[in-house]
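For reference, the structure is listed below as structure tokens.
The values are calculated or read from the model by the stated rules, or taken from the named source; none is laboratory data. What you see is a predicted model; the values in this text were computed from it and never measured. Virtual Cβ from ideal backbone geometry, glycine too; neighbours counted across all protein chains shown.
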Amino acid sequence: MPNEGNDRERSGMIGLLKSFWTWLRRDWAWKLACLVLAIFLWGGLITQDTSLVRTKSFNDVTISVVNADALLRSGYIVVSGLETEKLSGVRMRVDVPQRMYEQAAASNYNVRVDLSRIRAAGTQTLQVLTTSSTTYGSVTDLSVSTIEVEVEEYVTRSRIPVRIETTGSAPEGFYAAAASADPIYVEIAGPKSLTESVVRCVAHYDMSALAAQAGTERTAVPFSLQDRQEQEIAQDNMTVSPINSGVNIDSITIEQTLYPMRALPVDVSAVCSGTPKKGYHIASVTAEPSSVKVAYSELVDDQTMDKIYPSGTADVTDLTETTVFPLSLSRGSDLKYISATSVYVTVVIEPDEPEAGEAP
């Protein structure tokens with residue numbers, strides 16, 4: 001009978017469940033511990049099996065650039081194509097062994113472009129390379145697989161003159177001697193299209209930053225590279241160094257000496273020679289300018305230097321009227337600066353006054 005068969009199957013199933021429940025109720029804690037141990041053993045076996053891998057994704061990978069120095073030694077340089085925005089934000093998928101899934105990082109796969117593979121100037125396409133290993137697995141997909149770059153010849157030019165471009169002025173009360181640059185020539189290296197345009201290196205020197213004290217001061221100042229039209233040339237991908245030094249620099253040293261300065265009166269007390277015509281006399285002698293600014297190397301110690309004198313004389317022999325004489329100023333060897341090199345000496349000549357009782 002069909003119904004009797006179904007009843008027997010149902011009764012058998014119920015009996016089996018009752019038997020399992022009775023077995024489970026006996027020593028249940030021990031059985032539970034065995035189950036937990038079995039799960040741990042299974043997990044350990046899974047993680048040690050290198051054939052089991054999981055896919056892991058990275059969404060902000062940066063491509064590194066290697067062997068740039070090797071490319072320069074080969075006589076080439078990349079001028080565009082390796083900008084930050086083109087090398088960053090790359091998406092990557094990797095197959096990682098199960099046991100190293102949590103430890104795997106983007107750096108383990110060394111995503112890079114190798115510049116030593118470049119062999120010519122012009123537009124070049126570089127393959128994005130990755131590193132595989134048994135420990136961390138391998139890369140299966142990259143959102144950027146190639147990078148296109150522009151390459152130029154890398155050339156060096158020597159003896160580019162340094163010119164000082166001065167702004168501002170020396171501190172009040174001081175005279176600034178001619179400044180000097182160190183180095184006076186530089187060597188430049190970079191893309192051929194840029195280096196061939198450079199004719200000078202210009203040091204930008206602001207004198208207003210000098211300390212108000214006598215002596216020699218050295219200042220590091222920025223510089224720029226210019227072409228024949230005095231237009232600034234971008235220094236991207238270029239290096240500047242003293243000749244044959246091999247040391248790149250980012251500033252020029254300016255040496256400047258300041259001398260204290262003061263005003264000295266022009267002494268014309270003994271400038272006249274000869275005598276005016278009979279019946280005339282010298283009424284006054286003045287100089288224009290009446291004083292000049294001077295600077296000496298040891299002005300502070302030489303307090304005896306309190307006047308300056310015209311060189312030559314004003315010959316008034318037989319003169320009957322006021323006369324102006326242009327005369328040079330005497331300049332000693334220790335004089336570093338003088339605000340005027342000559343003066344105009346005015347000799348006022350007037351008739352003598354008639355003596356008492358004498359007709360005019």
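Assorted remarks:
- Candidates in the range 237-280 are the residues that are within 52 Å of the chain's Cα centre (by Cα) and on the phi > 0 side of the Ramachandran plot; of these, the one that is surrounded by the fewest Cβ atoms within 10 Å (Cβ to Cβ) is N244.
- For the range 263-280, the set of residues classified as part of a strand (DSSP E or B) and in contact (Cβ under 8 Å) with a residue 60 or more places away in the chain consists of V266, C272, Y280, listed by residue number.
- Residue ID - nearest to V78 (Cα to Cα), chosen from residues in the range 166-193 that are within 18 Å of the chain's Cα centre (by Cα) and of a type in the set (A, V, I, L, M): A189
- Neighbours by Cβ (under 6 Å, 6+ apart or cross-chain): first from the range 67-86, surrounded by 15 or more Cβ atoms within 10 Å (Cβ to Cβ) and assigned to a helix (DSSP H, G or I); second among the acidic types (D, E) and modelled with pLDDT of 95 or more: none
- Some residue of the range 158-177 being touching a Ser or Thr at 6+ places or on another chain (Cβ under 6 Å), modelled with pLDDT of 95 or more and crowded, with 18+ Cβ neighbours inside 10 Å: no
- Residue count, the range 87-108 (criterion: free of Cβ contacts under 8 Å to residues at least 40 places away in the same chain and part of a helix (DSSP H, G or I)): 3
- Search result, residues across the range 110-141 that are under 27 Å from V79 (Cα atoms) and of a type in the set (S, T, Y): S116, T123, T125, T130, T131
- Some residue of the range 188-203 being of a type outside the set (A, V, I, L, M), more than 30 Å from D69 (Cα to Cα) and either in contact (Cβ under 8 Å) with a residue 40 or more places away in the chain or outside any strand (DSSP E or B) (or both): no
- Condition check for A283: in the same structural domain as V345 (by TED's automatic domain parsing), touching a strand residue (DSSP E or B) at 6+ places or on another chain (Cβ under 7 Å), outside any loop (DSSP other than H, G, I, E, B) and surrounded by 15 or more Cβ atoms within 10 Å (Cβ to Cβ): no
- Residue in the range 114-135 that is touching a residue at least 60 places away in the same chain (Cβ under 8 Å) and either of a type in the set (V, I, T) or surrounded by 13 or more Cβ atoms within 10 Å (Cβ to Cβ) (or both) present: yes
- Condition check for V96: β-branched (V, I, T), modelled with pLDDT of 95 or more and more than 30 Å from I188 (Cα to Cα): no
- Single condition I164 does not satisfy, out of (1) without any contact (Cβ under 8 Å) to a residue 24 or more places away in the chain; (2) in contact with a Phe, Trp or Tyr (Cβ under 7 Å, 6 or more places away or on another chain): (1)
- Among the candidates T55, T50, T62, residue that is within 53 Å of the chain's Cα centre (by Cα), more than 30 Å from T156 (Cα to Cα) and modelled with pLDDT under 85: T50
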